[in-house]
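**Student:** Input: one structure, supplied below.
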Amino acid sequence: MTYVKYEDMPLVLNVEDIADTLMIGRNKAYNLVNSGKIKALRIGNHYRIPRDSFIAFLKGERTSA
């Protein structure tokens, strides 16, 4: 799902959500998460991205680990 406003985003996103929102492929989205450019939590085989971390990435802010 593509989100236009920050308020429309759920508190926790998945990789497919960020790929759709950024209009990039899923592999590129996984690369952003794996590189640490977008802070995410790994739960089993799934990544969960806090909305605040994703918004910080969009604004070009650095987030703490």
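**Student:** Can you pull out the residues in segment 1-13 that are touching a residue at least 24 places away in the same chain (Cβ under 8 Å) and surrounded by fewer than 10 Cβ atoms within 10 Å (Cβ to Cβ)? Reasoning before the result, please.
**Tutor:** Within segment 1-13, the subset touching a residue at least 24 places away in the same chain (Cβ under 8 Å) is 6, 9-13.
If the condition is that a residue be touching a residue at least 24 places away in the same chain (Cβ under 8 Å) and surrounded by fewer than 10 Cβ atoms within 10 Å (Cβ to Cβ), then 11 is the only one that fits.
**Student:** Moving to a separate point now. Kindly indicate the residue of segment 14-65 that is open to solvent by 60 Å² or more (accessible area, probe 1.4 Å), assigned to a helix (DSSP H, G or I) and of a type in the set (S, T, N, Q) and also nearest to residue 1 (Cα to Cα) among those meeting that condition.
**Tutor:** For segment 14-65, the residue satisfying everything is 27.
**Student:** Could I ask something else about it? Which pairs turn up if I take residues in segment 22-33 that are among the hydroxyl-bearing types (Ser, Thr, Tyr) and look for partners that are assigned to a helix (DSSP H, G or I) and open to solvent by less than 60 Å² (accessible area, probe 1.4 Å) with beta carbon separation below 7 Å, at least 6 apart in sequence or on another chain?
**Tutor:** From segment 22-33, the pairs are 30/15.
The values are calculated or read from the model by the stated rules, or taken from the named source; none is laboratory data. Everything numeric here is computed off the predicted structure, so don't read it as measured data. Neighbour counts are summed over all protein chains in view; Cβ atoms, including those assigned to glycine, are modelled from backbone coordinates with ideal geometry. For the accessible areas, the whole protein counts, side chains as well, though only heavy atoms, and no ligand, DNA or RNA atoms are used. Shrake-Rupley method; radii C 1.70, N 1.55, O 1.52, S 1.80 Å.
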